[in-house]
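Each remark here refers to the structure printed beneath this line.
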Amino acid sequence: MGTTVVAAVVVDVGGELGWVIANVGDSRAYSYEAGALHQLSVDHSYVQELVDLGTITSAMARVHPDRNVVTRALGMGDGVEPDFWFRPIRMGERLLLCSDGVYGEVPDARIAAILQAAGDPGDAVERLMAEVLAGPGLDNATAVVVERVGELAVEPVAASPDATTKERTAPRRRQRRPRARRVDGASPTVSDESPEGLIEVPEWS
């Protein structure tokens, strides 16, 4: 058996405070900011490879019969390689870490609406779990929501001498993502495009 993971840690790299996000498998990190939801991580899954190749769309991937097949997982052999992402921390931005039991059951537009309406991160998690439990509940569901609401103070972490250069220059490996779409009425925007400031840093593995 293998499992997936998504994690976030606050770091100080070269004087810039930010998230380092790591993922293995199809658990995801999302950002909700200024009325828009962005997927930050990239799934390690069979259907994601098909999306990247242009064989299927993201909408088709959600209902594909092999959507649960992951290409990387913890516990399935040695030497698993996570992807790492650095993103500056912004005041008021909400970070969502969740398993496929959440985003597979709750549409992106609804996730965005919940993150927009919730009074605080705890309320957002409760609303997300209620939404999942109201559905068929076909998979395990885990969600964590984090928001910066004040000043942060963290101890700098050890990094390679050229880590600052890497996090600023490493390109995102993913190219094919659907264009942003706006939901009708006052609902928030849902976008799969790379949000500004998100940079892949695979060298940190």
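Scanning region 25-62 for residues that are of a type in the set (Asp, Glu) and without any contact (Cβ under 8 Å) to a residue 60 or more places away in the chain yields 43, 49. Contact annotation: residue pairs with Cβ atoms under 7 Å, 6 or more positions apart or on different chains, pairing a residue in region 73-92 that is on the phi > 0 side of the Ramachandran plot with a partner that is of a type outside the set (Gly, Ala, Ser) and in a loop (DSSP other than H, G, I, E, B), are 75/1. Only residues that are surrounded by 21 or more Cβ atoms within 10 Å (Cβ to Cβ) and part of a strand (DSSP E or B) were counted across region 25-43, and they come to 8.
Within region 125-136, being surrounded by 19 or more Cβ atoms within 10 Å (Cβ to Cβ) and either out of contact with any helix residue (DSSP H, G or I) (no Cβ under 8 Å at 6 or more places or on another chain) or among the small types (Gly, Ala, Ser) (or both) holds for one residue alone: 125.
The residues in region 44-56 that are part of a loop (DSSP other than H, G, I, E, B) and either more than 13 Å from residue 69 (Cβ to Cβ) or hydrophobic (A, V, I, L, M, F, W, C) (or both) can be counted, and the count is 3.
In a helix (DSSP H, G or I), out of contact with any Cys (no Cβ under 6 Å at 6 or more places or on another chain), in contact (Cβ under 8 Å) with a residue 24 or more places away in the chain and of a type in the set (A, V, I, L, M): is that true of residue 128 in this structure? Write out each step before concluding.
Details: in a helix (DSSP H, G or I): yes; out of contact with any Cys (no Cβ under 6 Å at 6 or more places or on another chain): yes; in contact (Cβ under 8 Å) with a residue 24 or more places away in the chain: yes; of a type in the set (A, V, I, L, M): yes.
Criteria met by residue 128.
Name the single residue, out of those in region 78-97 being assigned to a loop (DSSP other than H, G, I, E, B) and not aliphatic (A, V, I, L, M), that is farthest from residue 16 (Cα to Cα). Step by step, filter region 78-97, then rank; the result is 78. Each residue in region 101-146 was checked for being more than 18 Å from residue 32 (Cβ to Cβ) and either of a type in the set (Asp, Glu) or modelled with pLDDT of 95 or more (or both), and 1 of them qualify.
Hey, could you check region 98-124 for residues that are not in a helix (DSSP H, G or I) and not acidic (Asp, Glu) and say which is surrounded by the fewest Cβ atoms within 10 Å (Cβ to Cβ)?
So in region 98-124, the residues not in a helix (DSSP H, G or I) come out as 98-99, 104-107, 118-120.
If we keep only those that are not acidic (Asp, Glu) as well, we get 98-99, 104, 106-107, 118-119.
Details: 98: 23, 99: 21, 104: 18, 106: 23, 107: 14, 118: 19, 119: 8.
This residue is 119.
Within region 73-97, the set of residues being of a type outside the set (A, V, I, L, M, F, W, C) and either over 27 Å from residue 11 (Cβ atoms) or under 16 Å from the mean Cα position of the chain (by Cα) (or both) comprises 77, 82, 83, 87, 88, 90, 93, 94.
The values are calculated or read from the model by the stated rules, or taken from the named source; none is laboratory data. Please read all numbers here as calculations on a predicted model, not as lab measurements. Because the Cβ atoms are built from the backbone with ideal geometry, glycine has one as well, and the counts that use them run over all protein chains shown.
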